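In what follows, a single structure is set out as structure tokens and then discussed.
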Amino acid sequence: MKEIKDIDTLDFETQNLADSSTKKRTVGSLLKYLILGIGFGIVLVKAEVISWFRIQEMFRLESFHMYGVIGTAVVVGIISVQIIKRFKVKSISGEPINLDAKPFSKGQIFGGLLFGFGWALTGACPGPIYAQIGTGVSVFIVTLLSALAGTWFYGLIREKLPH
């Protein structure tokens, strides 16, 4: 592993990795994330956004359901970011939340297309994979393993890609 010399020159992901390695996590502090994750999974299941058929309807432009859910999430996200910025909201641990602008890269276009193709083919994106497996659809274990392999491969070639 590389030695971290100047934290200001690191990108967001590496900086978060460096910051999080110094914090001690307790079972109690991790339990709240487990409970939130289970709750989020239940919401995904009840909203039918993990349904392979709903996702296929979206990509075939046959139904507004998923576009409505995604559009609502975008609006909630915009409002949330404005609240965080205007009221200087802090994280659960009391740290200030910094929302720095990320520079555009053509790799984002290629990554977005690859993500979209994978989503259309498998009917799953990273968050719902766990909910799909949790509902007993074990075939999505293949999707999870593929997503993990893709993430590992990206980490392997990341330094060689144009960012």
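The values are calculated or read from the model by the stated rules, or taken from the named source; none is laboratory data. All values reported here derive from a predicted model rather than from experimental measurement. Counting neighbours? That spans all protein chains shown, and the Cβs are built from the backbone with ideal geometry, glycine included. Areas reflect the complete protein model, heavy atoms only, side chains present, ligands, DNA and RNA absent. Shrake-Rupley method; radii C 1.70, N 1.55, O 1.52, S 1.80 Å.
Failed condition for Leu113, given (1) without any contact (Cβ under 8 Å) to a residue 24 or more places away in the chain; (2) closer than 25 Å to Leu44 by Cβ; (3) open to solvent by less than 80 Å² (accessible area, probe 1.4 Å); (4) over 15 Å from the mean Cα position of the chain (by Cα), with all others met?
All conditions pass for Leu113, except number (3).
Which one is most open to solvent (accessible area, probe 1.4 Å) among residues in the stretch 135-163 that are more than 20 Å from Gly118 (Cα to Cα) and assigned to a helix (DSSP H, G or I)?
Among those that are more than 20 Å from Gly118 (Cα to Cα) and assigned to a helix (DSSP H, G or I), it is Lys160.
Residue by residue through the stretch 119-129, note down the ones that are part of a helix (DSSP H, G or I) and at pLDDT below 85.
Here is the first cut: in the stretch 119-129, the ones part of a helix (DSSP H, G or I) are 119-122, 126-129.
Trp119, Ala120, Leu121, Thr122, Pro126, Gly127, Pro128 - these are the residues of the stretch 119-129 that are part of a helix (DSSP H, G or I) and at pLDDT below 85.
Of the residues Phe104, Phe53, which single one is open to solvent by 90 Å² or more (accessible area, probe 1.4 Å) and under 30 Å from Ile157 (Cα atoms)?
Numbers: Phe53 fails: under 30 Å from Ile157 (Cα atoms).
None of the other options fit; the residue is Phe104.
How about the stretch 79-104: which of its residues are over 19 Å from the mean Cα position of the chain (by Cα) and polar (S, T, N, Q)?
Gln82, Ser93
From (1) at pLDDT 90 or above; (2) open to solvent by 100 Å² or more (accessible area, probe 1.4 Å); (3) not charged (D, E, K, R), pick out the condition that doesn't hold for Ser80.
Checking Ser80 against (1) at pLDDT 90 or above; (2) open to solvent by 100 Å² or more (accessible area, probe 1.4 Å); (3) not charged (D, E, K, R), the one that fails is (2).
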